[in-house]
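Below is one structure; the comments refer to it alone.
The values are calculated or read from the model by the stated rules, or taken from the named source; none is laboratory data. From a predicted model like this one, the values you see are computed outputs, not experimental measurements. Here the Cβ is made from the backbone with ideal geometry for all residues, glycine too, and neighbour counts use every protein chain on show.
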Amino acid sequence: MNPSDRRHSFLSYALAIMAMAWLRLGCASEIAIVMSEDSAVYREVAETVRVQLTDAATVSIIQPAGVPAMNRKELRYLVAIGNQAAQAILASDLDAPLLVTLLPQTAFERLVAERRRDGTQRPVSAVFLDQPVARQLNLIRLALPNARRIGVLLGPESAKQLAPLQSEAAERRMNISVQRLDNETELAGSLQKLLAESDVMLALPDPAVFNAGTIQLILLASYRQQLPLLGFSAAYVRAGAIAALHSTPTQIGIQAGEMLRAALVNGHLPPPRHPNRYTVTTNPHVARSLGISLESEQSLMQRMRGLDAP
């Protein structure tokens, strides 16, 4: 091949590569991820989603203050990480379909119901933060096989889970003991009643019940009664819960990315759903102090996956 032919061949190749690049950029779908705050957890979810969509979409990551300035014509999908981000998007004039993450199911459903009353009709889906109650009861059955009386403190949000919780418990021959909490002044009395009629306490996400001002009191009271508590985050295990079933920010981000990839192909977001990936975290030190022989995290995870299998 003479020099002229080589130059022509190279030029043709370069033009082909540039054309492919422009085609990809022209067809790429803009997805905006809004983080409630620039913290490690929110950033981990956002970055995981971005990596999942590297070859499928252009992705921007912003905070709620940047929502009003966004160009609605360039948006294909929106992602909200946390409550503040979801509120900012739903209050804006942006009409792109929205995927919400890091909100419990009841909080998500309340948020959507409020916006529906305001006349907002945008498509909204979610990867819930919390685990399905069936999965939580399965962990109790595996980790604490003699526990039959499951105590739950319910607030305004978590009260909506009582019916499915009772139904799933009945299938496993468990009983649900309930104390409802309308405000924190009732906590001490309600907690003492609940501890007296329970074998284990199950914590359900509800800011009116489990928050920075109450968790130490709840954990201390349960410990004094030699009653284990099953939490809903690794932080609760570090604070003194015997175990927790939870999804990591990376696991949430992977599932959100999968749902968005499906939406880019199918033209619509999949329905809201619980996490399909999860982690078991245990506190062997607390277990030993309560006289409980607890399996390893790896063993419990393996047995949990066996229950998940069809």
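Suppose we filter the stretch 180-197 for residues that are basic (Lys, Arg) and closer than 12 Å to Leu217 by Cβ; how many remain?
Total meeting the criteria: 0.
I'd like the full set of residues that are without any contact (Cβ under 8 Å) to a residue 24 or more places away in the chain and within 23 Å of Glu44 (Cα to Cα), limited to the stretch 194-251.
Across the stretch 194-251, the qualifying residues are Asn211, Ala212, Ser233, Ala235.
Would you list the strands (runs of 3 or more DSSP E) that sit entirely within the stretch 70-160 and hold 3 or more residues that are within 20 Å of Met201 (Cα to Cα) and in the same structural domain as Asn183 (by TED's automatic domain parsing)?
Strands (runs of 3 or more DSSP E) meeting the threshold: 149-154.
Please specify each residue of the stretch 42-58 satisfying the condition of being within 16 Å of Ala85 (Cα to Cα) and modelled with pLDDT under 95.
none
Given the criterion out of contact with any Cys (no Cβ under 9 Å at 6 or more places or on another chain), hydroxyl-bearing (Ser, Thr, Tyr), modelled with pLDDT of 90 or more and more than 21 Å from Arg135 (Cβ to Cβ), identify the matching residue among Ser222, Ser198.
Ser222
Among the residues that make up the stretch 178-186, is at least one of them buried (at least 16 other Cβ atoms within 10 Å of the Cβ) and either within 23 Å of Tyr278 (Cα to Cα) or touching a residue at least 60 places away in the same chain (Cβ under 8 Å) (or both)?
no
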